[in-house]
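Chemist: First, the structure itself, so that you have it in front of you.
The values are calculated or read from the model by the stated rules, or taken from the named source; none is laboratory data. None of these values were measured; they are calculated from a predicted model. Backbone-built Cβ (ideal geometry, glycine too); neighbour counts: all protein chains shown. Ligands, DNA and RNA are excluded from the accessible area calculation, which covers all protein heavy atoms including side chains. Shrake-Rupley method; radii C 1.70, N 1.55, O 1.52, S 1.80 Å.
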There are 2 protein chains.
Amino acid sequence: MKVAFLGLGIMGRPMAANLVKAGHEVSVWNRTHGKTVEGATSAATPAHAARNAEVVWMCVSDTAAVENVLFGESGVEQSLRPGMIVADSSTISPASTLEFAKRVRAKGADYVDSPVTGSKIGAEAGQLIFIAGGAEDTITRLQPLFSAMGKQVLHMGDTGKGQSAKIAANLMIAMIYEGFAEGLTLAQKLGVDPERLVGLVQASMIRSGVVDYKAPFVLKRDYSPNFPLRLMHKDIHLVLDAAQQLGLKLPGIGAVEHVYEESVRAGHADDDYAATLAVIEKWAGTE
Amino acid sequence: MKVAFLGLGIMGRPMAANLVKAGHEVSVWNRTHGKTVEGATSAATPAHAARNAEVVWMCVSDTAAVENVLFGESGVEQSLRPGMIVADSSTISPASTLEFAKRVRAKGADYVDSPVTGSKIGAEAGQLIFIAGGAEDTITRLQPLFSAMGKQVLHMGDTGKGQSAKIAANLMIAMIYEGFAEGLTLAQKLGVDPERLVGLVQASMIRSGVVDYKAPFVLKRDYSPNFPLRLMHKDIHLVLDAAQQLGLKLPGIGAVEHVYEESVRAGHADDDYAATLAVIEKWAGTE
């Protein structure tokens, strides 16, 4: 298929590369210049990239970036034609997704929200899970592209439900990791060997992919970014914004947001979100 | 072996029954009368139960109950002889565990803290995991009893380290479940089908034994107790008490404590801790 891929960040670049590898005709664009993908054409603007595309795939940093790529100066909107599909693998506001989809559909194109889970590792291996919202037949048309970049598509419902499920999932991930970080800090202060504590986690019902993946890095206090803290922080704000709009009280993730705020203040924005442990340990005086 | 088993609650009764089944000579005692275990002798007091025992095994509700069983009127202390072992599978304060062990050792007996994970189901099936603190050779002597009641013994370090690791583990479980409950509430309010959200959890790195076990009940809002909320609430207090003694700041579990407090106030103390969801849904106006 002819695909415009917009956004060549930590996730987007390997995703676009996997589309090229699968034989698709890919034009790429990135906000800052100089990022390219071998075998893909580089375009100067989103509108240029989208000009001859059947599908426009976005993977940018936040809601404002999606809005700008779609509807800003030289945005995708100028190149939209009936029958085109816009797919968004950024993690953004579910409410804004509904607005963006409406404006895209006004041009006769269709819209699918398809945020991903699997982090950098999953993007590189073509093993992402897509959490999709939109019409069944549109999602079916995108199947060759999903297959090139991921291992599974979970259809969560109509437009916006992909983003809704994604922010709920990231809420859960942030809470699992915060529990691990607080439990590890407490146990260490009480004199428990951290490797034995991880052994207990892995032998019990506490075990999850989150801790399986993070623990070896955490035990070395290696916070190299797989999923940068600033992005998890952004997703927590998406959760809290949605909760406020809906009048929900979510005390756990509300408290965890403060840990992220303090982590950003302490200079960990570009580290992995695992670095929230560094702040909890600083408070504990164990760093 | 000759074992005195003290505390025939939701966990203790099936544990004692599994000791009898494995051929051990068991005398049992429970604070409230009328609870018995087939094939075991019922004793009128902890001291009576312990009189001819090689091992005294406790599984009672909290720190005060352990203190009372050991050192109260007609307590175990009166029957302690050199070479005996006291094992505690209650979940109690690590700091108090150190005091209790010291008083037990003053009589020439030894002490092992051995709280468990696996809930009621694991106790009935003889599939508990023991999280043990104490001397290696004492733990080895207890192996026939551990094998009768559980599938694994994780030795976390010396006295108190079993309790320390256990309260850290329960902190993690409470945070995993709170994340699930808040994420589910948010996603449902945003229109996502709850079964599809659970499908996403199970397909992704969020999956854990905690949610695997709870989800089928939660989807039916069946809060029959497997691990009663009041006990998880007690364990969260053990965490916060230890954190305060150590000068730790644990914001996640601190916020979650308020959800448990409100859940108790709303009448869910004897329901499963999964019923914290009912309070989050009440706040959300979705019950």
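Chemist: From Cα pairs below 8 angstrom and at least 6 apart in sequence, can you work out the relative contact order of chain B, rounded to a whole percent?
Modeler: Reported as a whole number, the value is 13 percent.
Chemist: To the nearest 10 degrees, how steep is helix A:194-203 against the longest Cα principal axis of chain A, on a 0 to 90 scale?
Modeler: In chain A, helix A:194-203 runs at an angle near 60 degrees to the longest axis.
Chemist: Considering only DSSP beta bridges with both partners in the protein assembly as shown, what is the antiparallel share in %, to the nearest 5? Each step should come with its number before you reach the end.
Modeler: On the way: 9 of 59 bridges.
If we restrict to bridges inside the protein assembly as shown, about 15 percent are antiparallel.
Chemist: Just checking the output field for A:198-204: average partner chain Cβ neighbours within 10 Å of each residue's Cβ?
Modeler: So the per-residue partner count for this stretch is 6.
Chemist: With a 1.4 Å probe and all protein chains left in place, how much of the accessible area of the protein assembly as shown comes from carbon and sulfur atoms, in whole percent?
Modeler: 49
Chemist: Residues of region A:206-242 with accessible area at least 40 Å² lower in the all-protein-chain context than alone (1.4 Å probe)?
Modeler: A:Ile206
Chemist: Still on this structure, I have one more. Taking the 0 to 90 degree range and rounding to the nearest ten, how far is the long axis of helix A:161-189 tilted relative to the main principal axis of chain A, both from C-alpha atoms?
Modeler: 20
Chemist: Continuing with the same structure: Could you pull the copy-to-copy label distances for A:Gly191, with points set 7 Å along Cα to Cβ, in nm to one decimal and sorted shortest first?
Modeler: 5.7
Chemist: Mind listing the label-point distances from A:Arg81 to the same position on all other copies, shortest first, one decimal in nm, points 7 Å along Cα→Cβ?
Modeler: Sorted ascending, the copy-to-copy spacings read 9.5 nm.
Chemist: Taking chain A as a Gaussian network, where each spring joins two C-alpha atoms under 10 Å apart, which residue of A:Pro228, A:Pro14, A:Pro82 fluctuates the most?
Modeler: A:Pro82
Chemist: Pairing the Cα long axis of helix B:209-219 with the longest principal axis of chain B, what angle in degrees results, from 0 to 90 and rounded to the nearest 10?
Modeler: It is inclined by approximately 60 degrees.
Chemist: Please list, ordered by chain and number, the residues whose modelled amide H lies under 5 Å from the amide H of B:Val112; skip anything fewer than 5 residues away on the same chain.
Modeler: Long-range HN contacts for B:Val112: B:Val86, B:Ala87, B:Asp88.
Chemist: Please compute the average number of Cβ atoms from other chains found within 10 Å of each residue's Cβ in peptide A:154-164.
Modeler: Mean number of neighbouring Cβ atoms from other chains: 4.
Chemist: Beyond a 29 Å Cα-Cα separation, which of these cross-linked pairs lie in this structure: B:Lys189/B:Lys220; A:Lys214/B:Lys151; A:Lys249/B:Lys249; A:Lys120/B:Lys234?
Modeler: A:Lys120/B:Lys234
Chemist: What is region A:10-90's relative contact order, in percent, from Cα pairs under 8 angstrom and six or more apart in sequence?
Modeler: Reported relative contact order: 28 percent.
Chemist: Could you list which residues have their amide H under 5 Å from that of A:Val28, counting only those 5 or more apart in sequence or on another chain, with H placed in the peptide plane?
Modeler: Sorted by chain and number, the residues that satisfy this are A:Phe5, A:Thr41, A:Ser42, A:Ala43.
Chemist: For region B:130-182, what is the accessible area per residue in Å² when the probe is 1.4 Å?
Modeler: Accessible surface, normalised per residue, equals 24 Å².
Chemist: Quote the charge dipole size of region A:42-166 about the Cα centre in Debye, to the nearest 20; the model charges only the Cβ of Lys and Arg (+1) and of Asp and Glu (-1).
Modeler: Once rounded to the nearest 20, the dipole reads 120 debye.
Chemist: I would also like to ask the following. Find the sum over both chains of the accessible area lost when A and B are paired, probe 1.4 Å, and report it in Å² to the nearest 100.
Modeler: The contact between B and A buries close to 5200 Å².
Chemist: Grab the DSSP H runs of chain B that are 4 residues or longer, score each as -39,500 (n - 2.57), total them, divide by all residues and round the 222 nm result to the nearest 500 deg cm²/dmol.
Modeler: Computed mean residue ellipticity for chain B: -16000 deg cm²/dmol.
Chemist: Which of rounded, prolate or oblate describes chain B when judged by the alpha-carbon gyration tensor and an a/c cut-off of 1.5?
Modeler: Taking the square roots of the gyration eigenvalues as a ≥ b ≥ c, chain B is prolate.
Chemist: Write out the GluC sites (Glu not before Pro) in region B:31-76 meeting two conditions: DSSP loop, and at most 15 other Cβ atoms within 10 Å of their Cβ.
Modeler: For GluC sites (Glu not before Pro) across region B:31-76 that sit outside H, G, I, E and B with at most 15 neighbouring Cβ atoms in 10 Å, the list reads B:Glu38, B:Glu73.
Chemist: Lys and Arg at +1, Asp and Glu at -1: add these up for the other residues within a Cβ distance under 10 Å of B:Ala181 and post the number.
Modeler: -2
Chemist: A further question on this structure: Tally Lys and Arg at +1 and Asp and Glu at -1 over the other residues with C-beta under 12 Å from the C-beta of A:Val69: what net charge comes out?
Modeler: So the environment of A:Val69 carries a net charge of -4.
Chemist: Would you rank B:Tyr260, B:Tyr213 by solvent-accessible area, highest first, keeping every protein chain in place and using a 1.4 Å probe?
Modeler: B:Tyr213, B:Tyr260
Chemist: Just the accessible area for B:Thr63, please: 1.4 Å probe, Å², rounded to the nearest 10?
Modeler: 30
Chemist: Separate question: Strictly greater than 19 Å: what percent of every Cα pair in region A:19-84 meets that?
Modeler: In whole percent, the long-distance tail amounts to 28.
Chemist: Report the rotationally averaged projected area of region B:2-158 based on its alpha-carbon convex hull, in square nanometres.
Modeler: Over all viewing directions, region B:2-158 projects a mean Cα-hull area of 7.7 nm².
Chemist: Further question on the same structure: Round to the nearest 10 and report in Å² the accessible area of B:Arg230, as given by a 1.4 Å probe over the protein chains' heavy atoms.
Modeler: 110
Chemist: Roughly how far apart, in whole Å, are the Cα centres of region A:113-182 and region A:214-279?
Modeler: Using only Cα atoms, the two centres lie 19 Å from each other.
Chemist: For q = 0.10, 0.13 Å⁻¹, what log10 I(q)/I(0) does the protein assembly as shown give under the Debye formula with an equal point scatterer on each alpha carbon and no solvent?
Modeler: Ignoring solvent entirely, the Cα scatterers give -0.83, -1.19.
Chemist: Can you give me the relative contact order of region B:109-169 as a percent, contacts being Cα pairs under 8 Å and 6 or more apart?
Modeler: 40
Chemist: Separation of region A:27-77 and region B:61-112 by C-alpha centroid, Å?
Modeler: Using only Cα atoms, the two centres lie 68 Å from each other.
Chemist: For a quick check: with amide H placed at 1.01 Å from N, whose amide H comes under 5 Å from A:Gln152's, ignoring anything fewer than 5 positions away on the same chain?
Modeler: Here A:Phe130 satisfy the definition.
Chemist: I'd like the accessible area for A:Ile139: 1.4 Å probe, protein heavy atoms, all chains in place, Å² to the nearest 10.
Modeler: We get 10 Å² for A:Ile139.
Chemist: Ok, one more. Among DSSP beta bridges whose residues both lie in region B:2-158, state the antiparallel percentage, nearest 5.
Modeler: Given both bridge residues lie in region B:2-158, the antiparallel proportion sits at roughly 10 percent.
Chemist: Sum up the charges of everything whose Cβ sits under 14 Å from the Cβ of B:Ala43, counting Lys and Arg as +1 and Asp and Glu as -1, but leave B:Ala43 out.
Modeler: Spelling it out: positives minus negatives among the neighbours equals +3.
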